[in-house]
Amino acid sequence: MALGDDNTIMSFSIFNFENTHSFHRKALLNAVEKVNSTLPPHKDIVIIVSTKNMIKCLPMMLFRKRSCVVNLIGLGRLYSDYGWIGRLIFNCFIWLYSAWPALAFIVEHETDRRIIQKLTPIPVYKTHGSGLDASGFHIAKIPRAGRIRLGYLSRFHPSKGSEEILESIKTLPDSHEIIIAGWDIGGAKFEDAYRQVASTKDNVTFLGRLDGRSAVSDFFNNIDCFLCPTVREGGCIALQEAIWHRVPFLTTSVPGCDILAERFQCPAVALNDYPDAIQTKTASMIDQDTSDWHDLLTPFLSPSVEQELVTILSEIAHNGRR
């Protein structure tokens, strides 16, 4: 059993959601509330969400001797963007957490689970992503007239394929148009570049940051194909949003996206091939049958992931300290 200082079964608290969005953590928040309602109110296990917070929290975990669960929502840019040095640093943090404070890790797909299992002897659990909350969304498809309508919605960064999108829109054929929405992770490099191209081409529209859930639905309802180039993902909420709106997508053949591409029969290509694929593959995708996509998406929705997390956290709480 998981025992605190007063011999009660331990329950959970959550470290802050810095570098992530609490709206996309509703499955975790609800699961913690449900599990804690069955346990004594002695909050002793800290749930740390994201690689950034895992790094930030390590001194507190070690010096205060707190038990924790590390919820990796993808392995982060440290793992994907900085070559072997970044991966070595990432691995060191996994080893340090495994040596003392962590009771378990939670990841969002099987590829990440295999990677973490090679680095630690403690349990590594898997969910179907973070859980898509579709509240506030609506489907009201705007009929296409003329050009094939592409859409790119992202936080802009080289790891999100923003360079490939910029390269593509500069030579986008007149048979296609693209709507771009989002903002830079840091600075305004891509925002400025997209805005400049949009000012010179009538088939490129730059919206900037979308305001609210209804605006996200309006974006998806106004496109025929969603573009999601990326270096690596966890559950990839953006793709799940496109799927919920029944919009076919072109993505990259990387962990976190390959699972969804296979399940929903959409193309996934190497990042280097992405600009060419926009012109060669999107035209054949616009008439894809998406009538069963809501059923296929069920395991990735918030209620399903919430139940997975309830089972996982209950097991962790009752297994206790190592």
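The values are calculated or read from the model by the stated rules, or taken from the named source; none is laboratory data. Being a predicted model, the structure only gives us computed values, none of them experimental. Ideal geometry is used to build each Cβ from the backbone, glycine not excepted, and the neighbour counts take in all protein chains shown.
Overview of values
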read-out: Filter result (of a type outside the set (Ser, Thr, Tyr), in a strand (DSSP E or B) and surrounded by 14 or more Cβ atoms within 10 Å (Cβ to Cβ)) within segment 203-214; value: Val204, Phe206, Leu207
read-out: Verdict on Ile116 being hydrophobic (A, V, I, L, M, F, W, C) and crowded, with 19+ Cβ neighbours inside 10 Å; value: yes
read-out: Subset tally (residues that are assigned to a strand (DSSP E or B) and surrounded by fewer than 20 Cβ atoms within 10 Å (Cβ to Cβ)) for segment 182-202; value: 2
read-out: Candidates Glu167, Glu177, Glu163, filtered to the one that is surrounded by 18 or more Cβ atoms within 10 Å (Cβ to Cβ) and either β-branched (Val, Ile, Thr) or outside any strand (DSSP E or B) (or both); value: Glu163
read-out: Segment 226-257 - residue that is at pLDDT below 95 and charged (D, E, K, R) and, of those, nearest to Glu167 (Cα to Cα); value: Arg232
read-out: Count of residues meeting criterion [under 21 Å from Arg155 (Cα atoms) and not small (Gly, Ala, Ser)] in segment 72-93; value: 8
read-out: Of residues in segment 275-322 being aliphatic (A, V, I, L, M) and in contact with a helix residue (DSSP H, G or I) (Cβ under 7 Å, 6 or more places away or on another chain), the one surrounded by the most Cβ atoms within 10 Å (Cβ to Cβ); value: Ile278
read-out: Matching helices (runs of 4 or more DSSP H) fully within segment 260-322 where at least 3 residues are touching a residue at least 40 places away in the same chain (Cβ under 8 Å) and small (Gly, Ala, Ser); value: 302-319
read-out: Residues of segment 110-156 that turn out to be closer than 23 Å to Trp293 by Cβ and more than 17 Å from the chain's Cα centre (by Cα), as a count; value: 14
read-out: Where a residue in segment 57-81 is without any contact (Cβ under 8 Å) to a residue 60 or more places away in the chain and more than 17 Å from Gly129 (Cβ to Cβ) and its partner, wherever it lies, is of a type in the set (D, E, K, R) and not in a helix (DSSP H, G or I), with Cβ under 9 Å and at least six apart; value: Cys57/Arg66; Met60/Arg66; Arg66/Asp44
read-out: Enumeration of residues in segment 279-313 that are among the hydrophobic types (A, V, I, L, M, F, W, C), within 24 Å of Val254 (Cα to Cα) and within 22 Å of the chain's Cα centre (by Cα); value: Trp293, Leu296, Leu297, Phe300, Leu301, Val305
read-out: Among (1) closer than 20 Å to Tyr274 by Cα; (2) surrounded by fewer than 22 Cβ atoms within 10 Å (Cβ to Cβ); (3) modelled with pLDDT of 95 or more, the one test that Ser217 misses; value: (1)
read-out: Qualifying residue in segment 133-145 (condition: assigned to a strand (DSSP E or B), out of contact with any Cys (no Cβ under 9 Å at 6 or more places or on another chain) and not small (Gly, Ala, Ser)); value: no
